[in-house]
Amino acid sequence: MKKLLLSLTLIGSAFLAQSQVICAGISPAPIIGNYDFTWASPANGDWATPDFLITGEFIQDTLMLVDDGTAGNSPVSGLPQANYGCAPLVNNLTGKIAVIYRYDGSVTTSPTYCDFALKALNAQTAGAVGVIIINREPGAVPMGGSTDGISVTIPVVMVSDTDGAALRAQMQNGPVVMFIGNKVGLFSNDVGVLPGSTLVSKSSGVLSQLATNATEFNFDLGTRVYNYGTLGQDVTFTANIDGPSGTSVYSNTIGPISIASLDSIDILPGEANSFPQFALATYPAGRYKLTYTISLGSVVDEYITDNTISSEFVINDSIFTYANLDVTNNPVANNGYRPSTNNSTFSTCMVIENPNASRIGVQGIYFEASTGSDIDLTGEEMTLNLYRWEDVFANLDDAGLAFTALNPIAFGYYYYPSDLQGELVYGAFNEPVLLEDNQRFLACVQTVNLEVFLGHDTKYNYTWNEAYYLQPLTPVESDGDYSASGFGMDTPSAMALRVFNASELGVAEVGALDGVAYPNPATNVVTVSLKAEGNANLIITDISGKIAMNSKINLLNGKAEIAISSLEAGMYIFNIRTEGGQTSQFNVVKK
């Protein structure tokens, strides 16, 4: 589930190679389709596996579980330990694609513990023509070749735990045939679309407060269609959006348009052909589904799995996110990431900016974290930040793009109450805060533990959105340095903001100022920040109401540092009154 990455390589226009490296079910019907996967590429230098970037390089054969003769079941997964393939295999896999389980996460002395390359080499020795490794967690991870990788000459891929379970269940009913490799040029008639070359909603969690009409919420549609086949084709393109009731609220068709063999065409605003913008007069709350479909008319496409591609967005009043939302409208994290080179801090972040943002406030952040199998999250401290991103820039191509003017306006901590590995949790800010119109804000979750991986979503792809709109969506921070594109827009952060209507903020009466104190908890010095200047009176009370400190402070650029080393450990209430009579109140924890 964890990936050590600083950036991901994005799909480019050279689709004749990586764009159609696939792991696909061929038969029977229940398993047909493309599977998310990673593969052991010889480009890594520690594998001798086939190079799928060569067009037409592939295998297609029947799956078979490995059996290394180890007795008993894993105490972690309950699966036969013989299916982990760490010892020489006792079954004959000649002409088969071996199915092997990844190490199950128990102690390293377990019979299930060995590296990917040894598993693959054992399968190769037993006659296998390829290997599918089933992960123990959602998603798939990169696979190092170790010392045995250079001896592995058959393809090796990994699929997720759920996909692996589905394949195993079908294998119990009869033969299962899979295709692994590059399908460009294999068929006469074959066109397709890719997640990384389609425009989708600007966010997956769309706030109803900011989408009351067509002017406030809309987005462009578009896709790139590839002709992978050896014959030219006349292609028809359809974009459809179903609303919460399940009926279509948008449908447009273009074509037929001719595409030469091994060529592509863009259906995109500004091109010769384009779809009308999606915009509705009103947006009922609920789930919307966008589907792009391509058709060859009377010609039969010989590989139909990539002829449609879908994404969803949810109109709601409490969750803003770029990640997929499940049926309960919670963001979905299906992989854990952290930078490959990281020595101190790591943050996943998300941007929110809207002309009508003053209609909402933010209470806190949803996020997910995980660690190595032997490391407990109990008591782990996560820092929550919300910044006014005050660097002035128009878009990602602007030379002014920077992260040097991040003004904190909300702050909080989340402490794990138990080992909630890979589970969605919620951390509240010390005080809720209202947003501002046309102001860019950056929300971040930060860890200082080098073993913590933060959740990302590999199912929602904003690659084309980023290239088209040129706006940052989910940056990451590593050791104080920020990357505006995060780990790539095919892997957005799976965090989400919990929002509320601005009118519901009970403390927002006339004369009140939003304020924040940081760090919080603090040890010796705490900085208060609020929208005020000059002299102010500060009264600090403990939770019983007893005054612990009464002093004058001077707000310079809205900030003042306050020494609190004399206070005992505990919770305190900061009460600030400016010379103009405005007040602010918030809680601070003294360590």
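The values are calculated or read from the model by the stated rules, or taken from the named source; none is laboratory data. Values in this document were obtained by computation on a predicted structure and should not be read as measured data. Every residue, glycine as well, gets a Cβ built from its backbone with ideal geometry; the counts of neighbours run over all protein chains shown. Only protein heavy atoms, including side chains, enter the accessible area calculation; ligands, DNA and RNA are left aside. Shrake-Rupley method; radii C 1.70, N 1.55, O 1.52, S 1.80 Å.
Numbers below:
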| item | result |
| --- | --- |
| Test: Leu497 is farther than 26 Å from Ile576 by Cα, modelled with pLDDT of 95 or more, open to solvent by less than 40 Å² (accessible area, probe 1.4 Å) and in contact with a helix residue (DSSP H, G or I) (Cβ under 7 Å, 6 or more places away or on another chain) | no |
| Tally of residues being in a strand (DSSP E or B) and over 37 Å from the mean Cα position of the chain (by Cα) across region 575-591 | 5 |
| Selection within region 220-240 - assigned to a strand (DSSP E or B) and crowded, with 19+ Cβ neighbours inside 10 Å | Thr223, Arg224, Val225, Tyr226, Asn227, Gln233, Val235, Phe237, Ala239 |
| Region 224-252, residues that are more than 31 Å from the chain's Cα centre (by Cα) and without any contact (Cβ under 8 Å) to a residue 40 or more places away in the chain | Gly232 |
| Verdict on Arg338 being basic (Lys, Arg), under 28 Å from Thr215 (Cα atoms) and either open to solvent by 40 Å² or more (accessible area, probe 1.4 Å) or in contact with a strand residue (DSSP E or B) (Cβ under 8 Å, 6 or more places away or on another chain) (or both) | no |
| Residues that are among the hydroxyl-bearing types (Ser, Thr, Tyr), part of a loop (DSSP other than H, G, I, E, B) and closer than 19 Å to Met158 by Cα, drawn from region 32-90 | Tyr35, Ser41, Thr49, Ser77 |
| Cβ-Cβ under 6 Å pairs, at least 6 apart or on other chains, region 89-107 side modelled with pLDDT of 95 or more and open to solvent by less than 20 Å² (accessible area, probe 1.4 Å), far side assigned to a loop (DSSP other than H, G, I, E, B) and small (Gly, Ala, Ser) | Leu93/Ala126; Leu93/Gly127; Leu93/Ala128; Ala98/Ala128; Ile100/Gly85 |
| Filter pass, Val314 being of a type in the set (A, V, I, L, M) and either assigned to a loop (DSSP other than H, G, I, E, B) or surrounded by fewer than 20 Cβ atoms within 10 Å (Cβ to Cβ) (or both) | no |
| Qualifying residue in region 128-151 (condition: hydrophobic (A, V, I, L, M, F, W, C), assigned to a loop (DSSP other than H, G, I, E, B), modelled with pLDDT of 95 or more and open to solvent by 20 Å² or more (accessible area, probe 1.4 Å)) | yes |
| Counted residues, region 365-407 - those being in contact with a Leu (Cβ under 7 Å, 6 or more places away or on another chain), touching a residue at least 60 places away in the same chain (Cβ under 8 Å) and not in a loop (DSSP other than H, G, I, E, B) | 5 |
| Ala165 vs. criteria surrounded by fewer than 22 Cβ atoms within 10 Å (Cβ to Cβ), at pLDDT below 95 and outside any strand (DSSP E or B) | yes |
| Residue list for region 276-304, restricted to those being open to solvent by 50 Å² or more (accessible area, probe 1.4 Å), in a strand (DSSP E or B) and farther than 30 Å from Leu186 by Cα | Arg287, Lys289 |
| Selected residue (criterion: farthest from Glu312 (Cα to Cα)) from residues of region 241-273 that are out of contact with any strand residue (DSSP E or B) (no Cβ under 6 Å at 6 or more places or on another chain) and open to solvent by 60 Å² or more (accessible area, probe 1.4 Å) | Leu262 |
| Hits in region 500-533 - residues which are touching a Gly at 6+ places or on another chain (Cβ under 7 Å), open to solvent by less than 50 Å² (accessible area, probe 1.4 Å) and at pLDDT 80 or above | Phe500, Ala502, Val528, Ser529, Leu530, Ala532 |
